[in-house]
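For reference, the structure discussed in these notes is given below.
The values are calculated or read from the model by the stated rules, or taken from the named source; none is laboratory data. For clarity, every value in this text was computed on a predicted model and none was experimentally measured. Positions of Cβ are generated from backbone atoms using ideal geometry, with glycine treated the same way; all protein chains shown enter the neighbour counts. Keep in mind that these areas ignore ligands, DNA and RNA; they rest on the heavy atoms of the full protein, side chains included. Shrake-Rupley method; radii C 1.70, N 1.55, O 1.52, S 1.80 Å.
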Amino acid sequence: MELKNRLGQEYLYRSVMTASPAELIVMLFDACIKDVKLAAMALEEKHDLMKANTYFVKAQKIIAELMSSLDMDVEISGQLLPIYEFMLHTLMHANVQKDTSALPGVIEILTAQRDTWKQIAQPNRAAQGMPEVMCG
């Protein structure tokens with residue numbers, strides 16, 4: 001098991017180190033989607049409040065990182081900021097209230113954003129003559 005874990009960490013390290021900026025954003029969205037889904041599962045199936053909190057906090061940190069990386073001199077950043085703020089607020093509310101009802105909407109937004117960034121990343125990787133890296 002230790003070897004498998006080490007190999008997984010090495011793969012992740014190499015994936016991150018060779019990824020383009022757009023691919024890194026795709027990876028962030030993938031991780032955030034996974035964390036939101038795991039938080040919901042922890043609450044709904046296992047009633048494990050500690051695990052749910054851990055996953056909610058991880059997802060919130062990713063969204064906060066995405067927010068902090070916005071260049072507010074670029075018009076689209078002004079459009080993305082309220083979306084990120086909405087998701088962050090929704091995740092915080094879900095965590096405090098232990099209410100998963102709004103999480104499918106957050107996952108839908110995250111997935112749409114991720115898919116957009118995937119489309120941006122693919123032509124960049126092809127133009128660089130680099131092989132595709134699996135994200136997530």
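Of the candidates Ala40, Ala52, Ala19, the single residue that is among the small types (Gly, Ala, Ser), over 10 Å from the mean Cα position of the chain (by Cα) and modelled with pLDDT under 95 is Ala19.
Within segment 70-80, the set of residues being part of a helix (DSSP H, G or I) and more than 15 Å from Val106 (Cα to Cα) comprises Glu75, Ile76, Ser77, Gly78, Gln79. Would you mind finding the one in Leu24, Leu3, Leu12, Leu7 that is modelled with pLDDT of 90 or more and assigned to a helix (DSSP H, G or I)? The conditions single out Leu24.
Of all residues in segment 96-106, those satisfying the criterion of being surrounded by 15 or more Cβ atoms within 10 Å (Cβ to Cβ) and in a helix (DSSP H, G or I) are Leu103, Val106. Closer than 20 Å to Ala40 by Cβ, in a loop (DSSP other than H, G, I, E, B) and open to solvent by less than 50 Å² (accessible area, probe 1.4 Å): does that describe Thr90? Considered against the rule, which asks whether it is closer than 20 Å to Ala40 by Cβ, in a loop (DSSP other than H, G, I, E, B) and open to solvent by less than 50 Å² (accessible area, probe 1.4 Å), Thr90 comes out as no. Cβ-Cβ contacts under 8 Å between residues 6 or more apart (or on different chains), taken from a first residue in segment 35-57 that is over 12 Å from Asp99 (Cα atoms) to a second residue that is surrounded by fewer than 16 Cβ atoms within 10 Å (Cβ to Cβ) and charged (D, E, K, R), are listed as Leu38/Lys51. Taking segment 39-69 as the range and being within 16 Å of His89 (Cβ to Cβ) and assigned to a loop (DSSP other than H, G, I, E, B) as the test, no residue passes.
Table: residues versus (1) surrounded by 12 or more Cβ atoms within 10 Å (Cβ to Cβ); (2) under 26 Å from Ser20 (Cα atoms).
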residue: Leu70; (1), (2): yes, yes
residue: Ala94; (1), (2): yes, no
residue: Glu108; (1), (2): no, yes
residue: Trp117; (1), (2): yes, yes
